[in-house]
Amino acid sequence: MHFARSWRQQSSNLRLVGSRCTSCGAILFPERIRCSGCGSTELEDHRLSGRGTIFTVTTVFEAPRGFESQVPYFAALVELEEGPIICAMLTDVDREDVSVGKKVTMVTRRILAHGDDGPIIYAYKFTPELAG
Amino acid sequence: MKPTRAVGVIGYGGYIPRYRIDAAEVDRVWRGSGKKEGQSFKAVPGPDEDTTTIAIQAARNAMDMASIDPNELRAVWFGTESKPYAVKPTSTIVADAIGALPHANAADWEFACKPGTEAMQAAIGMVGSDMARYAMCGGADTAQAKPGDVLEYTTGAGGAAFILGPGQESVAVLQASTSYVTNTTDFFRREGQEYPNHGQRFTGEPAYFHHIRSSVMTLMEEIGAGPGDFTFAVFHQPNSQFPLRVAAELGFARNRVEPFVLTNLVGNTYSGAAMLGFAKALDVASPGDRILLASYGSGAGSDAFSYEVTDKIVEVRKRGVPIERYLKRTKSVDYAMYARYRGKLRRN
Amino acid sequence: MGDRIEIVGIGRTCAKERWTRGLVDLTVEAAGAALDDGGDVSPSAVIVSNALGGALGDQQNLGTFTASSIGLGKVEAHSVSCDEASGGGALRLASALVGAGMHEAVLVVGAEKTSDALPDELETVRANGLDATREAGFGFGPAVASGLGMQRYGAEHGIDRSLFYHLASTAHLHGAKNPFAFLPWELSFDQYIRSPIVADPLTVCDLAPNCDGGAAVLIRKGSGKSSSSVHILGSASVSVPTGISEPITSLSLPAAAQCAMLALRDAGLSIEDLSLLDLHDSSSFIAALSIEAVGLAKRGEALLLARDGHFRFDGPAPLWTFGGLKARGNAPGADGLYQVVEATLQLRGDAGKGQIDGADRALVQCLGSFGATAVTHVLG
């Protein structure tokens, strides 16, 4: 059970807060304490829009411990409109509706619950935009 | 009851999970298929959803519509009877997700199916007294039912959120609100128990009907209005019959009530039920319409509200997500998948 | 590299499920074999490589505990951990100790005990070799990453997934000749194609099986040009920015490419001079990119060359001559040292049924963290 670990990650998990380097302009996700591009420590919080496209996706049938209740799940690389590519699951979608290049938006879901009595990790997943 | 300063809804949003199970499928499993298929459905939360995630999406939709700085919210209050954490507020997670922390009050409310409207009254008080410019309230549930119980035919999942603010910014301005509460144990869930118990027919006349009738009649008396003065009326909806019957008893025309009874489409969403119906009414209302909202919570009580829709609704609601979109977004699951998604299969 | 490092002793355990052996037993078994092989050379330092033991609740400070269990007395002892590149990393550091004149002889031991963990638990711990927070924490493990990679590789190069069979079948063809291999049998196309999907399109047969194992190498400063002894002719290690998205988006392994180039340059050799290679094949995807990274194949052509028998024992560039991770088995902390032990056997002419005739130069490369860490050794 890790109380502080998930607590530290909440702003990125729930609000996609990353960093913007005021020296080189790089947009980084998740938040950094030092720019991985230019080494500057002049970073400001930068909230990403949560809009992106599927870069590549796979259906996972054998999961690491803790994710078995979601099998089969879609694990994707999502390219955010600000640039960063992040690893995230897709949700509320069927295989036939998942394709490279499809537009997706961020939603917050239960990613992992530590047993029946541990903390619940809420974080980002992505889903196709709701049909009008 | 009404605040000294005009208060109203400045934005709202709802959320309904994607999965649906047909009540006939529940019947097939427990009674050997007596029911007709396709008559009524209930929304089933996916394996990664719970009350918190439902509340977060409803809150985000409300924020998108209201288009305000989340730091101006002084309260984020959600009501539910299916808290993922028994101790630790759901509302702090919701408030964090929409960026409203830390200068906000956040708390979970509980009163069976009506904590969301209680929070609404409190938010009205907070904004109406000028303690806050904006306050968010909402109700969400992944409604529990004992497998095989009559409740299991209707318990759904969903929620809605409302942001209260100054009357001049509102899409619907409050006229008045009342509460009618007694000590009546018609439905409850004991600490540590997974499923609620209910008093069958005792949940009807002395509970649901008596309390809603009382709160609504008090409200109409207070503002000097009759059923004919309301364009739409939204009632708590544990099933599809109760709201229509109480509407008839109170003298509301069926066609002003029925479009907002979502039970056959999404089931009884407990704390979300009346609030989702209200959101649906705001989705179709025109400026000048008057809407009655009456919740019911076992234990027991009813909160009633009268709102008048303003000109702003036409433009403002374009920024939101109509409830209809979630009603249309469905994927059917059988009882086995429902049991899996709802964690009803023992794996240890 | 100034003075050559000489490999004077080697040892390995069977790479199987060793139910009667614990983690320290495996290091002792492999180390003992290397010491026996090394004759009267006595190490004054021990470096032990292991990737997962601590996280799996097993022995920590493995260097000291191994030294103690072998009965080496008073020695310097360390543990090295850099995911599946640990074995290579340990040998690099041991070579540095010798090269710096701090020790005459150093014993390098790698071991992993995977069979004590249940598969899902093991996958969770292995996933932490990727970004523990942003990848492992979101349900992405090495298998998921390779599934995504295969997906992209197939789409980008217009390649059907069935072509990946030829990588696994090459490894198995060679593994069948290795009595120490975990899966010492040839893999039929039918077996491959009917293998259960783990992360579409990646199947069980695209993944190296986890096993228990230990491998050890005893090194000392080169004593001259003895034609019978094996030396480290060149080596390098390169780490690049982490993240599974880099190999998947670029379909390349920059660390592996740079590292192989530097090691060959250090040895004063080019890839054509090599008699055999061993590259990291923890999955079909990583294997394909490794082949392309070191320059054995052009981009997108690794599978075609494999299909044409290019990497077979009788082909122009023999690869995984003891079965690689795919057939010999993947014991993460020992991987890099198995490669060195097996290459040494080839160069000594002791490789048995899998012997490559006239083998005199070998390149071995192990990777960690989905290719972000690379360690290469050139032996001869």
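The values are calculated or read from the model by the stated rules, or taken from the named source; none is laboratory data. Bear in mind that the values here come from a model prediction, so they are computed numbers and not experimental data. All Cβ positions, even for glycine, are placed from backbone atoms using ideal geometry, and neighbour counts span all protein chains on display. Ligands, DNA and RNA are stripped out before the accessible areas are found, and what is left, the full protein with its side chains, is counted by its heavy atoms. Shrake-Rupley method; radii C 1.70, N 1.55, O 1.52, S 1.80 Å.
For helix C:23-37, what angle does its Cα long axis make with the longest principal axis of chain C, in degrees from 0 to 90 and rounded to 10?
Helix C:23-37 sits roughly 60 degrees off the main axis of chain C.
Ranked highest first by the average count of other Cβ atoms within 10 Å around their residues, in what order do B:226-233, C:228-235, B:160-167 fall?
On the way: B:226-233: 17.1, C:228-235: 20.1, B:160-167: 28.0.
Packing proxy ranking, top to bottom: B:160-167, C:228-235, B:226-233.
Using the C-alpha gyration tensor of region B:172-309, what are the square roots of 5 times its eigenvalues, in whole angstrom, with the largest one first?
On the way: eigenvalues 124, 53, 34 Å².
After diagonalising the Cα gyration tensor, the semi-axes are 25, 16, 13 Å.
Take the solvent-accessible surface of the protein heavy atoms, probe 1.4 Å, and return the percent of it on chain C that carbon and sulfur atoms account for.
Numbers: 6370 of 12890 Å².
That fraction is 49 percent.
Once amide H atoms are placed 1.01 Å from N in the peptide plane, what residues at a sequence separation of 5 or more from residue C:200, or on another chain, have their amide H within under 5 Å of its amide H?
A:59, A:61
Just give the residues from region A:45-72 buried by at least 30 square angstrom of accessible area in the all-chains context relative to the isolated chain, probe 1.4 Å, and say none if nothing qualifies.
A:47, A:55, A:56, A:58, A:61, A:62, A:64, A:65, A:67, A:68, A:69
Return one whole number: the accessible area per residue of chain C in Å², for a 1.4 Å probe.
Details: 12890 Å² over 380 residues.
I get 34 Å² per residue for this part.
Compute the Rg/Rh shape ratio of region C:215-311: radius of gyration over Kirkwood radius, all on alpha-carbon atoms. Display every interim value, and only then the final one.
On the way: Rg = 15.5 Å, Rh = 15.2 Å.
Reported Rg/Rh (Cα atoms, Kirkwood Rh): 1.02.
So if we plug the beta-carbon distance of residue C:61 and residue B:30 into 1/(1 + (r/R0)^6) with R0 = 56 Å, what FRET efficiency do we get, rounded to 0.05?
E(calc), rounded to 0.05, equals 0.45.
Taking only the alpha carbons of region A:1-130, what extent do you get along each of the three principal axes, in Å, biggest first?
On the principal axes, region A:1-130 reaches 43, 38, 24 Å in Cα extent.
I need the semi-axes of the equivalent ellipsoid of the protein assembly as shown: take the C-alpha gyration tensor, multiply each eigenvalue by 5, square-root it, list largest first in whole angstrom. List each step's numbers first, then the result.
Numbers: eigenvalues 839, 129, 107 Å².
With the √(5λ) rule applied to the protein assembly as shown, the semi-axes are 65, 25, 23 Å.
Could you tell me the extents of region A:1-48's C-alpha atoms along the three principal axes, largest first, rounded to whole Å?
37, 19, 12
Put a dot 7 Å past each Cα toward the Cβ at residue B:130 and residue C:40; how far apart are the dots in nm?
With each label point 7 Å from Cα toward Cβ, the separation is 10.0 nm.
Each label point is 7 Å from the Cα along the Cα-to-Cβ direction; what then is the distance between the points at residue B:328 and residue B:6, in nm?
About 3.4 nm, to one decimal.
Based on Cα coordinates alone, diagonalise the gyration tensor for region C:25-142, multiply each eigenvalue by 5, take square roots, and list the semi-axes in whole Å, largest first. Please report the intermediate quantities before stating the final value.
On the way: eigenvalues 176, 48, 21 Å².
Result for region C:25-142: semi-axes of 30, 15, 10 Å.
Taking amide H positions as placed 1.01 Å from N in the peptide plane, with prolines and chain starts having none, which residues 5 or more places from residue B:230, or on another chain, fall under 5 Å of its amide H?
none
Determine, from the Cβ-Cβ distance of residue B:347 and residue A:8 and an R0 of 35 Å, the FRET efficiency 1/(1 + (r/R0)^6), rounded to the nearest 0.05. Spell out each step's value before the answer.
On the way: r = 30 Å, r/R0 = 0.86.
According to the calculation, E is roughly 0.70.
May I ask for the angle, rounded to the nearest 10°, between helix B:210-223 and the longest principal axis of chain B, with both axes built from Cα atoms and the value confined to 0 to 90°?
10 degrees
Give me the mean projected area, in nm² to one decimal, of the convex hull enclosing the Cα positions of chain C.
Numbers: hull surface 65.2 nm².
For chain C, the mean projected area of the Cα convex hull comes to 16.3 nm².
Counting only protein heavy atoms, what percent of the accessible surface of chain B is carbon or sulfur at a 1.4 Å probe? Write out the running numbers ahead of the final one.
Details: 6490 of 13230 Å².
On chain B, the fraction of accessible area on carbon and sulfur atoms equals 49 percent.
Rounding to the nearest 10 and keeping the result within 0 to 90°, find how far the Cα-based axis of helix C:165-175 lies from the longest principal axis of chain C.
Helix C:165-175 and the main axis of chain C meet at about 30 degrees.
Accessible surface of residue C:220 in the full protein assembly, 1.4 angstrom probe, to the nearest 10 Å²?
The accessible area comes out at roughly 70 Å².
With each run of n ≥ 4 DSSP H residues scored as -39500 (n - 2.57), what mean residue ellipticity at 222 nm is computed for the protein assembly as shown after dividing by its residue count and rounding to the nearest 500 deg cm²/dmol?
Details: 26 runs with 250 residues, N = 860.
One gets -8500 deg cm²/dmol as the mean residue ellipticity at 222 nm.
In whole Hz, with x marking every Gly and Pro, tabulate ³J(HN,Hα) for region A:33-46 from phi via Karplus 6.51 cos²θ - 1.76 cosθ + 1.60, θ = phi - 60°.
9, 8, 5, 6, x, 10, x, 5, 9, 8, 10, 10, 4, 9
As a test of the definition: with a 1.4 Å probe, what buried accessible area, both sides summed, do you compute for C against A, in Å² to the nearest 100? Let's see the in-between values first.
Details: alone 14060 and 8270 Å², together 20030 Å².
The contact between A and C buries close to 2300 Å².
Taking a virtual spin label 7 Å from the Cα of residue A:45 along the C-beta vector, which residues in region B:49-79 bring their backbone nitrogen under 13 Å of it?
B:70-72
How far apart, in nm, are two points set 7 Å out from the Cα along the Cα-to-Cβ line at residue C:308 and at residue B:72?
6.9 nm
How far, in nm, would the chain grow between residue B:319 and residue B:185 when pulled straight, counting 0.36 nm per residue and subtracting the alpha carbon separation? Provide the component values of the computation, followed by the final result.
Values: separation 134, 0.36 × 134 = 48.24 nm, distance 4.15 nm.
Full extension from residue B:319 to residue B:185 adds 44.1 nm.
Taking 1 over the mean of 1/r across every pair of different Cα atoms in chain B, what Kirkwood radius in Å do you get? Provide the component values of the computation, followed by the final result.
Working: mean 1/r = 0.0508 Å⁻¹.
Evaluated on chain B, it is 19.7 Å.
What residues have an amide H closer than 5 Å to that of residue A:46, excluding those fewer than 5 places away on the same chain, when H is modeled at 1.01 Å from N in the peptide plane?
Here A:18, A:19, A:20 satisfy the definition.
Which residues in region C:37-60 have a backbone N closer than 13 Å to a point placed 7 Å from the Cα of residue C:104 along the Cα-to-Cβ line?
Inside the label zone: C:40-45.
Output ³J(HN,Hα) for region C:334-345: one whole-Hz value per residue in order, computed from phi by the Karplus curve 6.51 cos²θ - 1.76 cosθ + 1.60 with θ = phi - 60°, and x for Gly and Pro.
Per residue, the Karplus-derived 3J(HN,Hα) values read 9, 3, x, 7, 4, 4, 5, 4, 5, 5, 5, 4 Hz.
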